[in-house]
Every structure is written in C-alpha cells, then in structure tokens.
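Student: Handing you this structure, nothing more for now.
The values are calculated or read from the model by the stated rules, or taken from the named source; none is laboratory data. Since we're looking at a predicted model, the values are computed, not measured. Ideal geometry is used to build each Cβ from the backbone, glycine not excepted, and the neighbour counts take in all protein chains shown.
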Amino acid sequence: MNQIFDIFIIGGGINGAGIARDASGRGLKVFLAEKGTVGSATSSWSSKLIHGGLRYLENYEFKLVRESLKEREVITKIAPAITQPLPFVIPYTKKLRSKLLIRLGLFLYDNLGGKTKIPKSSKINLNKKYSNILKSQFTVGFQYYDVQVDDKKLVEMNIDDAKKMGANIVENRKVINAKRLEEGWEITLDNNETIKSKILINAAGPWINEIVNNVIEVNANKSIRLVRGSHIITKKLYNEEIAFTLQNDDNRIVFIIPYKNEYSLIGTTEVDVNTPDNPLISNEEKIYLINTINHHFIKQISKEDIVDTYSGIRPLIEDFRDASKVTRDYVFDLNLQDKNSPLLNIYGGKLTTYRKLSEKVMEELNPYLSMQNTKNWTDTKPL
C-alpha cells in the first residue's frame, strides 16, 4: 500500500475497535491489524456486563465509577439491540459488609452517574421473593441494576462501523516489526506487507508489553499484571430473569447471570498468571465458584454440572496490591521520542469505558493530526 495512514492500531479488541470507529468518523485514515479475529480474546471473555463497578467504590475509585455509570447509559442508548438492564440481588451476610456500607455504596451507585433511565436500588425481603433459590439464612437483600451486553458483538459492531467509514481492518495478521521513521512509522505484517502510518497505537491488551519490547523495541514505561478471570457455565439454576452478586469470606464477589436463555454464567475469579496465552480455568477456580454457589443456593451443584468454561486475561496496571484492589482504570503512555512519530500505548481499561477511552485517545493525539472533525460524536450515533 502506497498511501500513508494517519493511525495504525495494533489489536482488534474493544479498545482498538472503539478507536478505529471514532477516528474513522473524524475523517482519519485508519489501519487496524488483529492477530486473530476481532473481539476473540479478552473482549469476549468478560462477564458480559456494562457496569459501573459497584465494588470499585470500596477502593475509592469514584472517578472510574462515575465515568462507567455515565457510559452505561450511553452504550444502552447507542447499542439497544445487544444490551438489556438486569436486576442484581446482593444477599446480606452479617459477617461481611454492613448494611450501612451496602446502602451507602448503592446510594452512590444510584447517583454518581447523574440522570439515568435505569431503575434505582432497593432493600428487599429475600424470604418473600427468592426463598425458592436462596438458603433460609439469607433473609435480607439489596437489589440494584446493571446492563447485560453481548461483548463480542459490541466489538464487531464498532469494527463494522469503522469499515463503513473507510477503515482498513485486517484479521489473522500479526505485526512483526514497527520501525520509527523521521516522520511516522513503517509497520511490517507477517505476510511481509508494509504499511506506513503517522501514528502508532498499541492496543494489544494483555500482549501490550510483548509488543512494546519485541515488535516496537522501545522500553516499556509501565509494568502490567496479568490476572486470569474464569467463568463456569451450568444449565439454568433458576427461572427468574435476575442476577445475583454473592459475597465471599475473602471479600471478593461472584456473579450469577442468566445466559443465553438456558444457562447460568458464574464468575469471576482472580488469579495472577505469567502469560496471556491460552488461559484455562484451574480445578481450584472451579471449586471456588462451585463452593460460592453451594454456600448461598438451595440447589447444590458439582463439577458434573459444568457444561462449559472460559477464561480471560485482564491486563492490570501493577501497583503491588491484592488483585481485587488493583485499578481497572486505563492509562495512556504517549511515547514522543520524535514528535513526528508518536507512539501511544494503552494500558488497562474495561469493556464499559471503551468509548470514552477512544474519545480521550483522539484528544491526546489531536496535536499530531490534521483532523477534519475534532468534535466528539460517538455518544449519539447508534452502532
């Protein structure tokens, strides 16, 4: 290809897809390369939720929760076909978080994001409502709402929009080299095709530092922590269209979510790993999730009830805390060794905030681009 692109994106997960859509809509020439198929790795291994992150409030991440709640509203509006509000029930356990703490958390959750069409939280009598599901010791509960989403479809819809607006998207193509030129970058794919671009964006998710060190060959400014989150899928554990947020003695939570009409999706775990490749659930993780269900539910399950599993790797910014306390926020590392050839590495992030992240990428790169359109637009245009 002889043309010079404005932006070359490595990685076709949700962040790469969102950036490709946003940039294409501003009249920029975009090339995205994904080593597998778009949305096939971390972005399709999530808990399938667009959520504010209720438990992030415990880590005082008010800014992230506020942004996430606002984005929950936006994504519900721009992708109505693949999103649906879902009630979540928290059974109260005396030994763990106090009623006051839960009420305070839910009050903030209801109000931090501003106006919303999503129903507010409430206290409920579990004996009256869910005595057929939960064991009798769980008498008091709290209900709040979040939004269920088809995560892989969300990536694909962003990619489809980007293509319609002129983006070049290639799948099953690895970037094997990226060379900094006086003005821009020369990127080599594994079919020996070379692409020239003014700016390089590394949105490789858990493979980010692998790309930084081995492909771009610059020093990584940030260290990441790879955390495996695993889910099990069973036949439907109950008929009601509700989800449960179960608290564990280790202060972690596990979701049980209705899945594809016939199943229950149960997750997630948090296990530190050394590689992002081929994540598989361990026997310990299966037992952990099963024990959580059996502690709360009348219906008991065993490993024989598992019909499927999946695991994903979250690339979290290392801050040497317990995995459940490490921030889910995103951080940009703008490498300006030469201001004529910027490199932007994107660390962290979550499904819910992908669209806002994409907007902020455009703001960050605005000084180095000639944009036809500097106005943000993705919050009103349906996918």
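Student: With GLY114, GLY105 as the choices, which residue is modelled with pLDDT under 95 and surrounded by 20 or more Cβ atoms within 10 Å (Cβ to Cβ)?
Tutor: Going through GLY114, GLY105 in turn, the sole match is GLY105.
Student: Still on this structure, please answer the following. Pull up segment 77-102, narrow it to residues that are polar (S, T, N, Q) and in a strand (DSSP E or B), then point me to the one that is surrounded by the fewest Cβ atoms within 10 Å (Cβ to Cβ).
Tutor: Once the filter is applied, the top-ranked residue is GLN84.
Student: Among the listed residues GLY205, GLY184, GLY166, which satisfies the condition of being outside the structural domain of VAL89 (by TED's automatic domain parsing), surrounded by 19 or more Cβ atoms within 10 Å (Cβ to Cβ), closer than 22 Å to ILE19 by Cα and over 25 Å from the mean Cα position of the chain (by Cα)?
Tutor: GLY184 is the lone residue from the list that is outside the structural domain of VAL89 (by TED's automatic domain parsing), surrounded by 19 or more Cβ atoms within 10 Å (Cβ to Cβ), closer than 22 Å to ILE19 by Cα and over 25 Å from the mean Cα position of the chain (by Cα).
Student: Now for a separate question. So in segment 79-96, with the set limited to residues that are in contact with a helix residue (DSSP H, G or I) (Cβ under 8 Å, 6 or more places away or on another chain) and of a type outside the set (Phe, Trp, Tyr), which one is farthest from PHE142 (Cα to Cα)?
Tutor: The residue in question is ALA79.
Student: Just checking, does segment 201-215 include any residue being part of a strand (DSSP E or B), over 27 Å from SER282 (Cα atoms) and not aliphatic (A, V, I, L, M)?
Tutor: Looking through segment 201-215, at least one residue is part of a strand (DSSP E or B), over 27 Å from SER282 (Cα atoms) and not aliphatic (A, V, I, L, M).
Student: Out of the residues in segment 206-235 meeting the condition of being touching a Phe, Trp or Tyr at 6+ places or on another chain (Cβ under 6 Å) and at pLDDT 90 or above, tell me which one is farthest from ILE102 (Cα to Cα).
Tutor: ILE233
Student: How many residues, within segment 208-247, are loosely packed, with under 14 Cβ neighbours inside 10 Å and touching a strand residue (DSSP E or B) at 6+ places or on another chain (Cβ under 7 Å)?
Tutor: Of the residues in that region, 4 qualify.
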